[in-house]
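The values are calculated or read from the model by the stated rules, or taken from the named source; none is laboratory data. Predicted, not measured: the structure shown is a model, and the values here were computed from it. Cβ placement follows ideal geometry from the backbone for every residue including glycine, while neighbour counts extend to all protein chains displayed.
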Ligand code: COA
Ligand code: MG
């Protein structure tokens, strides 16, 4: 039976910034940025001839205290190259040694791609708290997303989050990259659905045109409406828009508080459905309201630099 899902620490992941691991200027900028999470990238943003150097500068960044000095609560993820590539094995060892919050596996096609990394981590006695994130960015990855997400179904499973690789999906499928993503959307929704089936988080893909703020705002709004938890980003100028779009809107928070207050009234005790300002409100709405209030509290804590999970 798989009705109850494992409980995971829930963290705000509104804005998740990629940073090419060998880019020292970008690394130096990081302490001043307000992103919820950072993905140090060893994969596609690093040229083959620069891979070894990027890995070394990442090792140094984690070893010399700079990573530890980042704002409290900023989640740290390392994206490795695929284990099947010439760099994947070394990357995994280096990433594990850095003790990040999570390792992001690129181009996950099937559950075996997760299992292979899990096995390799077990052999190095990796801490139980180390999570795995999976890029869903290939046709097979989308088609198998339900089976892949199922790797996160058990207590203690490392798999924690799906990350959409929209540019790879466009490259692999030939789908048109149009504003509003009309033809891509059904695959994005499949990624969200698979993640939710097993309690994982899901992050939307990047918006590459980082000078186009209106376009980014529109795409963040769409991603939020699709159910994503946050957006992956490529440039610091994109953080504020993502934090806004994937944060909790004050009017929705007030509405959630009104629902909780209404169900707490003595006359509504034990009732499954009530009427609130002309709307039917059920206990499932109470659950949604409570979840939103919890999320707002976690975001407030994150914005104050607090560690509260
Ligand atoms: N993280 C942290 N800092 C970043 C950054 C990032 N992703 N992107 C840019 N910056 C910094 C720059 O270092 C620069 O800082 P400086 O003024 O101290 O030198 C500042 O922000 C302004 O950058 P800007 O000049 O506007 O951009 P750029 O030309 O240096 O870089 C990109 C543009 C797209 C190459 C760069 O943003 C980038 O590499 N993004 C991430 C790409 C990536 O990881 N892709 C893989 C996943 S799709
Ligand atoms: Mg990719």
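Miscellaneous remarks
- Failed criterion for residue 140 (all others in (1) more than 16 Å from ligand 1 (Cβ to nearest atom); (2) over 16 Å from residue 82 (Cβ atoms); (3) over 19 Å from the mean Cα position of the chain (by Cα) hold): (2)
- Of the strands (runs of 3 or more DSSP E) lying entirely inside segment 3-112, none contains at least 3 residues that are in contact (Cβ under 8 Å) with a residue 24 or more places away in the chain, more than 20 Å from residue 202 (Cα to Cα) and away from ligand 1 (no atom under 16 Å from the Cβ).
- Filtering 157, 177, 197 for residues that are in the same structural domain as residue 229 (by TED's automatic domain parsing), within 16 Å of ligand 2 (Cβ to nearest atom) and either surrounded by 15 or more Cβ atoms within 10 Å (Cβ to Cβ) or over 14 Å from the mean Cα position of the chain (by Cα) (or both) leaves a single hit, 177.
Here's the yes/no breakdown for (1) under 22 Å from residue 127 (Cα atoms); (2) more than 16 Å from ligand 2 (Cβ to nearest atom); (3) in contact with a helix residue (DSSP H, G or I) (Cβ under 7 Å, 6 or more places away or on another chain); (4) not assigned by TED's automatic domain parsing to the domain that holds residue 204:
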site: 27; (1), (2), (3), (4): no, yes, yes, no
site: 31; (1), (2), (3), (4): no, yes, no, no
site: 40; (1), (2), (3), (4): yes, no, yes, no
site: 49; (1), (2), (3), (4): no, yes, no, no
site: 69; (1), (2), (3), (4): yes, yes, yes, no
site: 89; (1), (2), (3), (4): yes, yes, no, no
site: 95; (1), (2), (3), (4): yes, yes, no, no
site: 98; (1), (2), (3), (4): yes, yes, yes, no
site: 106; (1), (2), (3), (4): yes, no, no, no
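- Inter-residue pairs, beta-carbon under 6 Å, first closer than 18 Å to residue 109 by Cα and in segment 166-184, second part of a loop (DSSP other than H, G, I, E, B) and within 14 Å of ligand 1 (Cβ to nearest atom), 6+ apart: 166/205; 168/137; 169/137; 170/177
- Checked against the criterion of being crowded, with 19+ Cβ neighbours inside 10 Å, free of Cβ contacts under 8 Å to residues at least 60 places away in the same chain and either away from ligand 2 (no atom under 16 Å from the Cβ) or assigned to a strand (DSSP E or B) (or both), segment 136-146 contains one or more residues that satisfy it.
- Residue within segment 109-128 that is modelled with pLDDT under 95 and surrounded by 16 or more Cβ atoms within 10 Å (Cβ to Cβ) present: yes
- Of all the residues in segment 236-257, those that are surrounded by fewer than 17 Cβ atoms within 10 Å (Cβ to Cβ) and out of contact with any helix residue (DSSP H, G or I) (no Cβ under 8 Å at 6 or more places or on another chain) number 5.
- Residue check for residue 94: at pLDDT below 95, surrounded by 19 or more Cβ atoms within 10 Å (Cβ to Cβ) and over 19 Å from the mean Cα position of the chain (by Cα): no
- When residues in segment 118-142 are screened for being more than 19 Å from residue 201 (Cα to Cα) and touching a helix residue (DSSP H, G or I) at 6+ places or on another chain (Cβ under 7 Å), 5 of them pass.
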